[in-house]
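For reference, the structure discussed in these notes is given below.
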2 protein chains.
Amino acid sequence: MGNCGELWALWEPRGVWDMFLGEYEYNIDQKGRVAIPARFRDEFRGGLVVARGYDRCIVVYPLPEWQRMADKITSLPLTRQTSRRLSRATFASAYNLELDRQGRVIIPASLRDYAGIRDSAVIVGVHNCLEIWDKDLWAAEKSIMTEQAAEIAEAAEVAL
Amino acid sequence: MGNCGELWALWEPRGVWDMFLGEYEYNIDQKGRVAIPARFRDEFRGGLVVARGYDRCIVVYPLPEWQRMADKITSLPLTRQTSRRLSRATFASAYNLELDRQGRVIIPASLRDYAGIRDSAVIVGVHNCLEIWDKDLWAAEKSIMTEQAAEIAEAAEVAL
DNA sequence: CGTGAAGTGGGGAATTGTGGTGAATTGTGG
DNA sequence: CCACAATTCACCACAATTCCCCACTTCACG
């Protein structure tokens, strides 16, 4: 999605307790429903937003987190075409959803298609949001990460 | 100490509570539980984070330590794919856990698989975190260290 | 030995994952 | 504008898993 400004800068650091962590596998039923990991459901009680991720996955934000991003994007100058395109790409692909009583959401078909998700998905915690991946695509992404994690970390000058 | 021998912790000076030192062997039961060495449990009361290590092991951090690393990573721009990958590799492999009343944690299956851990593990103190190794892999790693300690130190360009 | 702490295993209760059924809602054609 | 089919929604039910607590055994130390 090209270079879309300093969106990251507005994300306030999350505490360890409400950080999204881990990797969880779920089935998707014929209705397109997928369960959100039980330990995260409270964060999404008041609503959530799903949207296209920059990579081939679906991102899931709690409402407050999404609001912050939205505010940042709407504050960009609409005179620039890149701003307008970013705005479209962000909002047009996004859906405001709610958990059902079992803690599931219905993922819109367009997003499922984009992410290549059929009947089995992996939900991944990435600090301040969740990502939903097709099982195979996630395996591929993960193997890339495994190979390159050390180099990437070194390049980013971050030490674990 | 029975079959949970304390192998290397001979020189550990009392009163150095903020440093993890030593090498301890534990069994892992069918539920994937492993005991944290009793002397370190206080550091982990109130939570801990386990994650994939860069080598074939699991790393265990107290919350404050983990928070510091998370902050470094979230300060990177998510507009870059390498940053997103590092973020994923870090957070997706991590789990926020708590000790049960016996001082054990349940290691998620994905991490056990990654580290090749089945029914017996070695817990190693590495200054500001613990590492959990499969017994055999740890033996191999240790023999490498034993043989090449001098070269390794030199390659790391550290003067002791 | 007696006592306490640590390592290990197990069992019952609560939670979670998952599929389904009937009511409400939407869209479409007459 | 109405009727009817198709879809969506909200809730129910059950199997499987996970969680939490208790119990036993071994070892260290008086």
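Could we say that residue A:132 is in contact (Cβ under 8 Å) with a residue 12 or more places away in the chain, of a type in the set (A, V, I, L, M, F, W, C), under 21 Å from residue A:23 (Cβ atoms) and more than 8 Å from chain B (Cβ to nearest Cβ) here? Considered against the rule, which asks whether it is in contact (Cβ under 8 Å) with a residue 12 or more places away in the chain, of a type in the set (A, V, I, L, M, F, W, C), under 21 Å from residue A:23 (Cβ atoms) and more than 8 Å from chain B (Cβ to nearest Cβ), residue A:132 comes out as yes.
Please find, within the stretch A:27-75, the residue that is nearest to residue B:77 (Cα to Cα) out of those that are within 14 Å of chain B (Cβ to nearest Cβ) and within 13 Å of DNA strand D (Cβ to nearest atom). Taking the candidates together, the pick is A:40.
When only residues in the stretch B:12-32 that are at pLDDT 90 or above and either surrounded by fewer than 16 Cβ atoms within 10 Å (Cβ to Cβ) or assigned to a loop (DSSP other than H, G, I, E, B) (or both) count, which is farthest from DNA strand C (Cβ to nearest atom)?
Our first condition is that a residue be at pLDDT 90 or above; within the stretch B:12-32, this holds for B:20-32.
Remaining after also requiring either surrounded by fewer than 16 Cβ atoms within 10 Å (Cβ to Cβ) or assigned to a loop (DSSP other than H, G, I, E, B) (or both): B:21-22, B:27-32.
Numbers: B:21: 15, B:22: 11, B:27: 4, B:28: 7, B:29: 4, B:30: 6, B:31: 7, B:32: 11 Å.
Residue satisfying both the conditions and the ranking: B:21.
When you look at residue A:21, is it over 28 Å from residue B:95 (Cα atoms), touching a helix residue (DSSP H, G or I) at 6+ places or on another chain (Cβ under 6 Å) and of a type in the set (A, V, I, L, M), yes or no? So that I can check it myself, show each step before the final result.
Working: over 28 Å from residue B:95 (Cα atoms): no; touching a helix residue (DSSP H, G or I) at 6+ places or on another chain (Cβ under 6 Å): yes; of a type in the set (A, V, I, L, M): yes.
No.
Please verify whether residue A:117 is away from chain B (no Cβ under 14 Å) and crowded, with 22+ Cβ neighbours inside 10 Å, treating the condition exactly as stated. Spelling it out, residue A:117 is indeed away from chain B (no Cβ under 14 Å) and crowded, with 22+ Cβ neighbours inside 10 Å.
Report yes if some residue within the stretch A:135-158 is away from chain B (no Cβ under 14 Å), surrounded by fewer than 22 Cβ atoms within 10 Å (Cβ to Cβ), under 18 Å from the mean Cα position of the chain (by Cα) and over 19 Å from residue B:73 (Cβ atoms); otherwise report no. Lay out the reasoning, then the answer.
So the first thing to find is which residues in the stretch A:135-158 are away from chain B (no Cβ under 14 Å), and the list is A:136.
Still in the list and also surrounded by fewer than 22 Cβ atoms within 10 Å (Cβ to Cβ): A:136.
Add one more test, that the residue is under 18 Å from the mean Cα position of the chain (by Cα), and what stays is A:136.
Now restrict to residues that are over 19 Å from residue B:73 (Cβ atoms): A:136.
Among the residues of the stretch A:135-158, at least one is away from chain B (no Cβ under 14 Å), surrounded by fewer than 22 Cβ atoms within 10 Å (Cβ to Cβ), under 18 Å from the mean Cα position of the chain (by Cα) and over 19 Å from residue B:73 (Cβ atoms), which makes the answer yes.
The residue that is surrounded by the fewest Cβ atoms within 10 Å (Cβ to Cβ), counting only those in the stretch A:67-83 that are among the aliphatic types (A, V, I, L, M), in contact (Cβ under 8 Å) with a residue 40 or more places away in the chain and part of a helix (DSSP H, G or I), is A:73.
Could you identify the single residue in B:121, B:89, B:109 that is within 14 Å of DNA strand C (Cβ to nearest atom), within 21 Å of residue A:122 (Cβ to Cβ) and not hydroxyl-bearing (Ser, Thr, Tyr)? Can you show your working first?
Working: B:121 fails: within 21 Å of residue A:122 (Cβ to Cβ); B:89 fails: within 14 Å of DNA strand C (Cβ to nearest atom).
Result of the check over B:121, B:89, B:109: B:109.
The values are calculated or read from the model by the stated rules, or taken from the named source; none is laboratory data. Just so we're clear, the structure is a prediction, and the values are computed from it rather than from any experiment. Ideal geometry is used to build each Cβ from the backbone, glycine not excepted, and the neighbour counts take in all protein chains shown.
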